[in-house]
Amino acid sequence: MTVNTSSGIFEMEQMESLIYKGKQSTLMGVPIEKVYQQKRVDVNLFDRNNFVPTIRNNQIVTQGYFDTIKSFVDAVEKRKSSPEQSLEAIIDTYKLIESIRSIQN
């Protein structure tokens, strides 16, 4: 996914990395890199570490699914589960989605 902003471009690749590529400014309508030789700097904002096998680097954690899966397993195994993960907790979310859809149509 690519998001183009006025200051630069954000590129995300498969929820694995997030890179910011700054845009060069212009001088009287001519891009600065055409006038002066400058290197464009790409900033690596997020990159999942595939080498170190820890829970923090696991895809399930970095993509935000771990707590939901853990709560589901806890509920199935009759352990104490968080009330934020219950089905009743998402009713308001679905009501909001339905109201947005009705506005769009």
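Quick one: length gained pulling Ile55 to Arg101 fully straight, 0.36 nm per residue minus the C-alpha distance?
Extending this stretch completely gives an extra 12.8 nm.
Between Ser71, Met15, Thr93, whose Cα lies farthest towards the positive end of the dipole of the chain when Lys and Arg beta carbons carry +1 and Asp and Glu beta carbons carry -1, centred on the Cα centre?
Toward the positive end, the furthest listed residue is Met15.
What are the extents of the Cα atoms of the chain along their three principal axes, in Å, largest first?
So the extents along the principal axes, rounded to whole Å, are 67, 47, 16.
Can you tell me the length gained on complete extension of the stretch Thr68 to Ser6, counting 0.36 nm per residue apart and subtracting the Cα distance?
Details: separation 62, 0.36 × 62 = 22.32 nm, distance 3.58 nm.
Gain in length upon complete extension: 18.7 nm.
By how many nm would the segment from Lys78 to Ile32 grow when fully extended, if each residue of separation counts as 0.36 nm and the alpha-carbon distance is taken off?
Fully extending the segment from Lys78 to Ile32 adds 10.3 nm.
Using a Cα distance threshold of under 28 Å, what count of lysine pairs results for the chain when pairs must be 8 or more residues apart or interchain?
For the chain, the number of qualifying lysine pairs is 8.
What does the helix-only formula give at 222 nm for the chain: each DSSP H stretch with n ≥ 4 adding -39500 (n - 2.57), the total divided by the residues, and the result rounded to the nearest 500 deg cm²/dmol?
Helices in the chain give a 222 nm mean residue ellipticity of -8500 deg cm²/dmol.
Where only protein heavy atoms count, and the probe is 1.4 Å, what is the accessible area per residue for the chain in Å²?
Working: 9150 Å² over 105 residues.
Normalised by residue count, the accessible surface of the chain is 87 Å².
Per the 1.4 Å probe, what fraction of the accessible area of the chain, in percent, lies on carbon and sulfur atoms?
Of all accessible area on the chain, carbon and sulfur atoms account for 57 percent.
The values are calculated or read from the model by the stated rules, or taken from the named source; none is laboratory data. Bear in mind that the values here come from a model prediction, so they are computed numbers and not experimental data. Heads up, the Cβs are rebuilt from the backbone with ideal geometry, glycines too, and the neighbour counts pull from every protein chain shown. Areas reflect the complete protein model, heavy atoms only, side chains present, ligands, DNA and RNA absent. Shrake-Rupley method; radii C 1.70, N 1.55, O 1.52, S 1.80 Å.
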